[in-house]
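S.K.: After the structure tokens below, expect a handful of questions from me.
The values are calculated or read from the model by the stated rules, or taken from the named source; none is laboratory data. Note that the coordinates shown come from a computational prediction; the quantities given were computed from them, not determined experimentally. Cβ placement follows ideal geometry from the backbone for every residue including glycine, while neighbour counts extend to all protein chains displayed. What goes into the accessible areas is simple: the full protein's heavy atoms, side chains included, and nothing from ligands, DNA or RNA. Shrake-Rupley method; radii C 1.70, N 1.55, O 1.52, S 1.80 Å.
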Amino acid sequence: MSKTKLFSPGPVMVKDNVRHALLHYDICHRSREFEEMFVDTQEKILKLFHADDSYYSVVVSGSGTSANETVLSSIFREGEAVMLIRNGMFGERLLEIIRKYEIPLVDCPFPWASYPDLNVIEAVMREHPEVKVVAMVFHETSTGMINPVGEVGELCKKYDKLLSVDCVSAAGGENIDMADKNIAIATSVGGKCLGAFPGSAYVCARKSLLESLTPGQCRNVYLSLYKHYQSAVTTHQTPNTPNVNLFWPLNVALTNIVEDETLAGRIERYQRCAGIIRRGVEGMGMKLLLGEHMSSTVTSVFLPEGVDVHRFLEEMEKRGYTFYIGKGDYAEQGMIQIANMGEIYEQDCYNMLAMVRSCLESMRS
């Protein structure tokens, strides 16, 4: 069976042992076997975030958005406000959740692909003492930019705010130290840099924050962070029936990182692959969206002038390679996104670039 190479920022290519974990024999989520695997998964999530025993993790069945909605629908009490720092599509996804739950908002927007101005952020933070939580995206996947989470964490410490970070496309691909960056709560999902499948999201948060939650302040039934925490801490289970079959691959993917490749090794591989891709596309005359603050795993690049982006993506699909089209207005400008998450190695990148060159030549002839 031929398979397409996914150079897309989720779903991603997975290791064979992760795929085989889907075939694990059926078990009940109320069994001791599940509980032991759940606890092991929680411990490995903490390692992924360099989190000590003052943090705790829970697993939420759903996409990365489900983890973000779990957090934002659960951590606010009446009258408490959130300050949102955003500069791309996934910051706007957080905005959509905040507005849906009618959480008092202090918005701090920046143009897409624009690095957030820390002076502006501090001024807004200083002027709004009602803000309890500052929310932002670590890796803004729509552009491939890494945002200044550590610096914002320092400002949150200065102004006594909690920092909530969407790490959906960063965990497993970037160095995220919860305590060092003063992150109170972080979210992510298996089907991106971690190298598992979509559908197993997780939240890592300070125990003090989780222990302060009440049932009444959580505004969602299924995505109640209070319920997930209480169920995990008292029974080592989830409050509702989880996607049990996806827990096993999540656990294996975490093991692949924390025990085998190591997180540092994974990040270094991703950085090497990203470097190969960026040098390769620039060598073909293409322009990168970003000149700095680029992630280890997503390259946003404009196709050469005159190349139809939709036809290019179709032609590359025929050749066995999948990319993303640019988000928002970038699609109209002929931008694509090439990701190197999951089971992609240096030679895969060289092979892909050779196919891109061949595809462009055939389209021009």
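S.K.: Return the residues of the range 334-357 that are open to solvent by less than 50 Å² (accessible area, probe 1.4 Å) and small (Gly, Ala, Ser); say none if nothing qualifies.
M.R.: 334, 339, 342, listed by residue number.
S.K.: What are the pairs with Cβ atoms under 7 angstrom where one residue, in the range 258-285, is at negative phi and the other, located anywhere, is among the charged types (D, E, K, R) and assigned to a helix (DSSP H, G or I)? Sequence gap at least six, or different chains.
M.R.: From the range 258-285, the pairs are 258/44; 258/47; 272/346; 273/346; 276/346; 284/357.
S.K.: Name, by its number, the condition in (1) under 15 Å from the mean Cα position of the chain (by Cα); (2) in contact (Cβ under 8 Å) with a residue 40 or more places away in the chain; (3) surrounded by 23 or more Cβ atoms within 10 Å (Cβ to Cβ) that does not hold for residue 199.
M.R.: (3)
S.K.: Pairs only if they're at least six apart or on different chains, beta carbon under 8 angstrom, first in the range 222-238 and of a type in the set (D, E, K, R), second outside any loop (DSSP other than H, G, I, E, B) and open to solvent by 50 Å² or more (accessible area, probe 1.4 Å); list them, first residue then second.
M.R.: The qualifying pairs are 227/215.
S.K.: Show me the strands (runs of 3 or more DSSP E) entirely contained within the range 30-129 in which 1 or more residues are open to solvent by less than 10 Å² (accessible area, probe 1.4 Å) and of a type in the set (A, V, I, L, M).
M.R.: On the way: elements: 55-61, 81-86, 105-109.
It comes to 55-61, 81-86.
S.K.: Ok, one more. Being more than 18 Å from the chain's Cα centre (by Cα) and either within 30 Å of residue 208 (Cβ to Cβ) or at pLDDT below 95 (or both) is true for just one of 233, 307. Which residue is that? Let's see the steps before the verdict.
M.R.: Details: 307 fails: either within 30 Å of residue 208 (Cβ to Cβ) or at pLDDT below 95 (or both).
It is 233.
S.K.: Next question, about the same structure. Would you check if residue 283 is within 25 Å of the chain's Cα centre (by Cα), of a type outside the set (A, V, I, L, M, F, W, C) and either modelled with pLDDT of 95 or more or within 19 Å of residue 45 (Cβ to Cβ) (or both)? Write out each step before concluding.
M.R.: On the way: within 25 Å of the chain's Cα centre (by Cα): no; of a type outside the set (A, V, I, L, M, F, W, C): yes; either modelled with pLDDT of 95 or more or within 19 Å of residue 45 (Cβ to Cβ) (or both): yes.
In short, no.
S.K.: While we're here: Suppose we filter the range 163-180 for residues that are surrounded by fewer than 24 Cβ atoms within 10 Å (Cβ to Cβ), in a loop (DSSP other than H, G, I, E, B) and in contact with a helix residue (DSSP H, G or I) (Cβ under 9 Å, 6 or more places away or on another chain); how many remain?
M.R.: Of the residues in the range 163-180, 3 are surrounded by fewer than 24 Cβ atoms within 10 Å (Cβ to Cβ), in a loop (DSSP other than H, G, I, E, B) and in contact with a helix residue (DSSP H, G or I) (Cβ under 9 Å, 6 or more places away or on another chain).
S.K.: Filter the range 293-325 down to residues that are open to solvent by 60 Å² or more (accessible area, probe 1.4 Å), touching a strand residue (DSSP E or B) at 6+ places or on another chain (Cβ under 9 Å) and in contact (Cβ under 8 Å) with a residue 60 or more places away in the chain, then give me how many there are.
M.R.: In the first step, residues of the range 293-325 are kept if they are open to solvent by 60 Å² or more (accessible area, probe 1.4 Å); the result is 293-294, 305-306, 308, 310-311, 314, 317-319, 324.
Checking the rest, the ones that are also touching a strand residue (DSSP E or B) at 6+ places or on another chain (Cβ under 9 Å) come to 293-294, 310, 324.
Filter once more, so that each one left must be in contact (Cβ under 8 Å) with a residue 60 or more places away in the chain: 293-294, 324.
Matching residues across the range 293-325 total 3.
S.K.: Another one. Just the residues that are open to solvent by 20 Å² or more (accessible area, probe 1.4 Å) and outside any loop (DSSP other than H, G, I, E, B), please, taken from the range 208-230.
M.R.: Of everything in the range 208-230, those that are open to solvent by 20 Å² or more (accessible area, probe 1.4 Å) and outside any loop (DSSP other than H, G, I, E, B) turn out to be 208, 211, 212, 215, 216, 226, 227, 230.
S.K.: For the range 148-160, state whether one or more residues are at pLDDT 95 or above, basic (Lys, Arg) and outside any loop (DSSP other than H, G, I, E, B). Lay out the reasoning, then the answer.
M.R.: Let us first name the residues in the range 148-160 that are at pLDDT 95 or above, namely 148-160.
Still in the list and also basic (Lys, Arg): 157-158.
Among the residues that remain, those that are also outside any loop (DSSP other than H, G, I, E, B) are: 157-158.
Checked the range 148-160: at least one residue is at pLDDT 95 or above, basic (Lys, Arg) and outside any loop (DSSP other than H, G, I, E, B).
S.K.: Which one of these does residue 205 not meet: (1) in a loop (DSSP other than H, G, I, E, B); (2) at negative phi; (3) crowded, with 23+ Cβ neighbours inside 10 Å?
M.R.: Result: residue 205 fails condition (1) only.
S.K.: Report yes if residue 238 is crowded, with 21+ Cβ neighbours inside 10 Å, assigned to a loop (DSSP other than H, G, I, E, B), of a type in the set (Ser, Thr, Tyr) and modelled with pLDDT of 95 or more, otherwise no.
M.R.: Yes.
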